[in-house]
1. Quick one: in region 148-178, which of the residues that are within 20 Å of the chain's Cα centre (by Cα) and in a loop (DSSP other than H, G, I, E, B) is nearest to residue 88 (Cα to Cα)?
2. Which condition from (1) modelled with pLDDT under 95; (2) more than 25 Å from residue 333 (Cα to Cα); (3) among the hydrophobic types (A, V, I, L, M, F, W, C) is the one that residue 267 breaks?
3. Going by what's in this entry, would residue 149 be described as outside the structural domain of residue 34 (by TED's automatic domain parsing) and surrounded by fewer than 19 Cβ atoms within 10 Å (Cβ to Cβ)?
4. Report whether or not residue 116 is touching a Cys at 6+ places or on another chain (Cβ under 9 Å), on the phi < 0 side of the Ramachandran plot, surrounded by 20 or more Cβ atoms within 10 Å (Cβ to Cβ) and not aliphatic (A, V, I, L, M).
5. For residue 81, indicate whether it is surrounded by 21 or more Cβ atoms within 10 Å (Cβ to Cβ) and either closer than 26 Å to residue 154 by Cβ or touching a Pro at 6+ places or on another chain (Cβ under 7 Å) (or both).
6. Exactly one condition in (1) modelled with pLDDT of 65 or more; (2) under 25 Å from the mean Cα position of the chain (by Cα) is not met by residue 395; state its number.
7. If I ask for residues that are within 27 Å of residue 380 (Cβ to Cβ) and more than 18 Å from the chain's Cα centre (by Cα), which ones from region 179-196 would you list?
8. Please count how many residues of region 317-351 are charged (D, E, K, R) and within 16 Å of the chain's Cα centre (by Cα).
Amino acid sequence: MATILWFRRDLRLSDNLALLAAIDRGPVIPVFIQAPEEEAPWQPGGASRWWLHQSLRALDAQLRAAGSRLIIRKGPTVDALRLLAAETGATAILANRLYDEKDKLATLTFPGNLLFEPWTIEPRRVFTAFWKACLRATPPGEPLPAPRRIPAPLEWPSSLRLEDLHLEPTIDWAAGLRQTWQPGEAGAEAHLRRFNVEAYAIERDRPDHPGTSRLSPHLHFGEVSPRQVWKLGHEPFQRQLMWREFAHHLLYHYPQTPLEPLRPEFARFPWCMNARHFKAWTEGRTGYPLVDAGMRELWHTGWMHNRVRMVAASFLVKHLLIPWQEGARWFWDTLVDADLANNTLGWQWAAGSGADAAPYFRIFNPTLQAAKFDPHGAYIRRWAPEQIKPIVDHHAARARALEAFSECKPSRLPASASAPRRPNRPATRTETDLLF
C-alpha cells in the first residue's frame, strides 16, 4: 500500500527523515498542497512565491530522476489529503514538522526543520541562556544522504500543473532575483560548497564582501537541512545558526509576537506613521546612502546583507518612529528568505520590544555605520551612488527617539520566563545573515 509524503517547507531529498520513513513503508506519493487561505495573515509574499515556484520545479526534477514525481493539489489541506488518500488507497500520511502552525490532520511527523525541538528547551528570552541550554542538550545527529530511488505507486493520481498555482508575478519584476539566485537543493549545495566558514567571523559585517552564507532562503524552504549547515562546523557560524533556532523557539512559545511586542510596555509606545517617510524608506530614497543601498539591494535581489538590515530597520523605527510591524510586513513581501520567526525576532530586536533586543538608547548612526562597514564605499556605489537630501536630520531624529522611548523604558527580562502553555510534543498518528 502507498504512503503519502506531504512536502511543505522541506523541499529536498537529502536528510529528509519523512521521505526515508516513507520509502521504508513501500510506494511513495509525494504531494505539495497550496492552501493560502490557511496561512492568513501571513500568506507568502511576492518574493517568497517566486522562490517557491522555482523550488517546486527543482524538487519535481529531482524526484523524477529518482523514479518518482511531485503531485500538486490545492487546499483546503485536510480535504486535499483525505481525497488523495481515498483516490490512491494510501494507508499513511508522513510529513516533516513545522513549528509556526498546527497540523490539522492526523499524520506521522518527523523533525527536520530545526536542530532542537522547541518543546525540549525551557522557554528562554535571552539568547546566551538559550545557547547554553542547547549545548547541554543532545547534539544534532549526522545528516543523511538522499535516496537514489524512490518506489512509485502502480498508478499515479492526477496533478495540477505548477503553473496552475500562479506563484510567479504576472508583471515580470523578478529579473534581479533570477540573476541572483538558484532556488532548489542544487543551489543550496552550491552555496554550501562556496561558503568560507572560517572567514565568516571576520567578513560577516562587510556588505561589500561576500562573507555571509546566503543560506537563509534555502533554509527557510528546507532545500538544505539545519543539520547539513551545522556540519560545516566553526563555532562563530554555528552560534549564528542558533539565532535561527532561537527565533523559532520564541515564536513557538510566544505565538502572538509577529503582531504584538514581547515586552508589554511597548504597547504604549508613541509610534508615528508617516506615509511619505515610509515610501521613501521602501524606495531607498531616505538620503542616507547605507540605508538606501540596502533597500535597493532588497528590491532588486530579494535579499539584504544583515548588517545593513539592522541599520535599515533601526532607521525606520528609531529615526522615523514608524511601527516595526510596517517594516516587518515590507520585508515579508520582498525578501526571498522571508521567515516568520526570523522576521519577527529581527524587527522586535531592532525596535527594542523583543527578546535580547537592542537597548532603546542604541540608535545606529547610518553615516558612521557606512564608514565602518563599507569603508571604501563599494557597496553604496553599487546600489545607491547618487546624492539625495536626507529626509530627517540624524541628531534631531535621535533626540526625538530618545524622548519617545523614555515613555516606556524596557523592563529587564529574565533569561527564562513563563510562556503560554504549548503541547509537550506534536500530535502523531544574527546579528547574522539568518537573524531577519
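1. By that ranking, first place goes to 167.
2. Of (1) modelled with pLDDT under 95; (2) more than 25 Å from residue 333 (Cα to Cα); (3) among the hydrophobic types (A, V, I, L, M, F, W, C), only one is false for residue 267: (2).
3. Against the criterion (outside the structural domain of residue 34 (by TED's automatic domain parsing) and surrounded by fewer than 19 Cβ atoms within 10 Å (Cβ to Cβ)), residue 149 qualifies.
4. So residue 116 passes the test.
5. Values: surrounded by 21 or more Cβ atoms within 10 Å (Cβ to Cβ): yes; either closer than 26 Å to residue 154 by Cβ or touching a Pro at 6+ places or on another chain (Cβ under 7 Å) (or both): yes.
Yes; evaluated as a whole, the condition is true for this residue.
6. With (1) modelled with pLDDT of 65 or more; (2) under 25 Å from the mean Cα position of the chain (by Cα) applied to residue 395, the lone miss is (2).
7. Those that are within 27 Å of residue 380 (Cβ to Cβ) and more than 18 Å from the chain's Cα centre (by Cα): 179, 194, 195, 196.
8. Count: 4.
The values are calculated or read from the model by the stated rules, or taken from the named source; none is laboratory data. Given the structure is predicted, the values throughout are model-derived calculations rather than measurements. Methodologically, a virtual Cβ is constructed for each residue, glycine included, from the backbone with ideal geometry; neighbour enumeration extends over all protein chains shown.
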